[in-house]
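Please read the structure below before turning to the comments.
The values are calculated or read from the model by the stated rules, or taken from the named source; none is laboratory data. None of these values were measured; they are calculated from a predicted model. Here the Cβ is made from the backbone with ideal geometry for all residues, glycine too, and neighbour counts use every protein chain on show.
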Amino acid sequence: MQQSTTPLIWNPILRQYLVNAPHRMNRREGTTRCPFCADITEGRVSPESRVWLHPNDFPPLQPPVGEAYVVIYNRDHNRTFTELTVDEVTEVTHLWRDLYCDLASRYATVMIFENSGEAIGQTQQHPHGQAFGVSVIPPILERELETVLQDDAAGRGCPFCRVRTEMEGGVYKVAANDSWQAFLPPYVHYPYETHLYPQRHVANLAGMTDEELRDFADLLLRVIRGYNALDNGEMAPMPYLLGIHQLADERFHLHVEILAIGRAPGKLKYAASSESIWGMWTNDSLPAQKAQELREAIAKGEENNA
Amino acid sequence: MLAEELLVLDADATLWRAARPLLDIALQLEQRDEDYSWHGWHKQRVEAFLKKLPAQCSLVLGVWETGPGPDPMTEQEELVLGLVCEIAHGEICSLRTFEALTEAGLKPIKQIEPGIEDVMEIMRLVRIDVAPVAWALFTDRATWDEWLFAEADEGKCSDKGELLGRFARQGRCVILGSQAAHPHH
């Protein structure tokens, strides 16, 4: 069996890697001193910086296998993502794009993500997300790439473009703007899981224009604020996992998946035995109905804010 | 494989002396018939590799050799090959050595070490000055020679990619870049 000289451990049965990072067992949790506010108070970021990168203090990956960063969304410790303005989230998306361009030049995969909510393991309250550059392609992304390559070889075009077109204007639609589209497809794992696709075929954030990034920020905020408006706000704050799927392969189609973990007020959807052990997910809801609920929640939230 | 107008940006660089024979080999592959091969390198396979790369990208190669240090009891690592190939639409359109990056801020070639800090700096400068890096290979002279000269029919390896993957898993080289997913076991 492979010795642990690298944090990437190969599973010869599933033919995929996992990251072994025992030093993270004792990482900082529940402390009162915010390491990201310390970037400001200790002068590591300039007074003008509104968004910035903080090196992950407990990186699961280090060069040449990978790198890990924390993406700080705002200087204000107490603001949540949904309290940020479209302009402020647009700045975050620009930082994501810069980070993608940098990491993609060294690593096969750039994973930009956010774990939001204590229920799913968020340990720092300051508004932030994370990013990994990784020298392997994670299993789900590899599966998506296989589909892209198969369809390309068969002359069927981009499968993501096909799905996006199918979801446009139908019962699974959640929201849209000029350059992005959000929907809740019938194959979601979580009742309120939402997928965001750029309307244009683009492989990664490096290919996004400033206008498209602004639309991305707008749609992200609308969807996540919509989560918090579900059931008259009874499900707020909705815990979620957000991840940007992208590759440096022009055949791939950038998209965002938001796995909203809440399934009803006070209740979470757990990845239990069938999901965790076999990868067979059970969705205890009707996606079309949940898409309608989310559409209505977004509309109601926007009415209230108008 | 090679663009019609291939540019060599720093043919007067010291490092170009070691890179020049590689260009000669590439020219041989390009100009001779399809069946020609050189130590397991075939034009069709190289072209197939290049065609799969992003439209604008770069390939980076760094090779170090251990030699005697400044005093008789010490050894030091010396960069013997440092090359950047710029690729446009599946063709090599320019070549430059790491010496061309010193203008952009890379430290003097003699001071470049085979450590991750210098490797990262090379990658950063290539991305900014040339194009995003699709593949970068950093290794020692023995591994480079073994890979370069390996014949296709030798051993269990059927191709150069598979052999390089084996070297990477053995820790004999570092592979980075947007297209360089760590090879599967």
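A few comments on the model shown:
- Residues located in the stretch A:97-127, provided they are facing chain B (nearest Cβ under 9 Å) and either assigned to a loop (DSSP other than H, G, I, E, B) or aromatic (F, W, Y) (or both): A:A104, A:S105, A:R106, A:Y107, A:A108
- The listed residue being closer than 24 Å to A:L103 by Cβ and among the acidic types (D, E), out of A:E211, A:E234, A:E193, A:E275: A:E211
- If you go through the stretch B:38-55 and keep only what is more than 19 Å from A:A104 (Cβ to Cβ) and among the basic types (K, R), you end up with B:K43, B:R45, B:K51.
- A:V256 falls short of the stated requirement of being aliphatic (A, V, I, L, M) and farther than 30 Å from B:V133 by Cα.
- Checking A:F216 against (1) in contact with a helix residue (DSSP H, G or I) (Cβ under 7 Å, 6 or more places away or on another chain); (2) more than 16 Å from A:F113 (Cα to Cα), the condition it does not meet: (2)
- Only one of B:P114, B:P68 that is at pLDDT below 95, touching a strand residue (DSSP E or B) at 6+ places or on another chain (Cβ under 7 Å) and buried (at least 16 other Cβ atoms within 10 Å of the Cβ): B:P114
- Checking each residue in the stretch A:63-96 for being within 24 Å of A:F252 (Cβ to Cβ) and within 13 Å of another protein chain (Cβ to nearest Cβ) picks out A:P64, A:V65, A:G66, A:E67.
- On inspection, B:E121 qualifies as among the acidic types (D, E), closer than 14 Å to B:L61 by Cα, within 14 Å of chain A (Cβ to nearest Cβ) and surrounded by fewer than 20 Cβ atoms within 10 Å (Cβ to Cβ).
- Scanning the stretch A:46-62 for residues that are within 14 Å of chain B (Cβ to nearest Cβ) and in contact (Cβ under 8 Å) with a residue 40 or more places away in the chain returns A:L61, A:Q62.
- Taking the stretch B:82-93 as the range and being farther than 16 Å from B:R17 by Cα and not acidic (D, E) as the test, the residues that pass are B:I87, B:A88, B:H89, B:G90, B:I92, B:C93.
- Yes/no for A:D57 being assigned to a loop (DSSP other than H, G, I, E, B) and among the acidic types (D, E): yes
- Within the stretch A:235-263, tally of residues that are in contact (Cβ under 8 Å) with a residue 60 or more places away in the chain and either among the aliphatic types (A, V, I, L, M) or touching a His at 6+ places or on another chain (Cβ under 7 Å) (or both): 15
- Residue count for the stretch B:63-85, restricted to those that are among the hydrophobic types (A, V, I, L, M, F, W, C), more than 14 Å from B:W144 (Cα to Cα) and touching a residue at least 24 places away in the same chain (Cβ under 8 Å): 2.
- Answer residue from the stretch B:100-115, given it is assigned to a helix (DSSP H, G or I) and among the charged types (D, E, K, R) and is nearest to the other protein chains (Cβ to nearest Cβ) among those: B:E103
- Residue check for B:D12: part of a loop (DSSP other than H, G, I, E, B) and either modelled with pLDDT under 95 or over 13 Å from B:G82 (Cα atoms) (or both): yes
- Test: residue in the stretch B:77-99 that is part of a helix (DSSP H, G or I) and either at the interface with chain A (Cβ under 9 Å from one of its Cβ atoms) or hydrophobic (A, V, I, L, M, F, W, C) (or both): yes
- Failed item, numbered, when A:N283 is tested on (1) closer than 20 Å to A:Y240 by Cα; (2) over 22 Å from the mean Cα position of the chain (by Cα); (3) in contact (Cβ under 8 Å) with a residue 60 or more places away in the chain: (2)
- Qualifying positions in the stretch B:163-176 - facing chain A (nearest Cβ under 7 Å) and buried (at least 21 other Cβ atoms within 10 Å of the Cβ): B:L176
- Helices (runs of 4 or more DSSP H) contained entirely in the stretch A:194-306, each with at least 2 residues that are closer than 29 Å to A:R156 by Cα: A:210-229, A:287-305
- Test: residue in the stretch A:79-94 that is part of a loop (DSSP other than H, G, I, E, B), more than 19 Å from the chain's Cα centre (by Cα) and within 26 Å of A:G207 (Cβ to Cβ): no
- Flag if B:A134 is among the hydrophobic types (A, V, I, L, M, F, W, C) and more than 12 Å from chain A (Cβ to nearest Cβ): no
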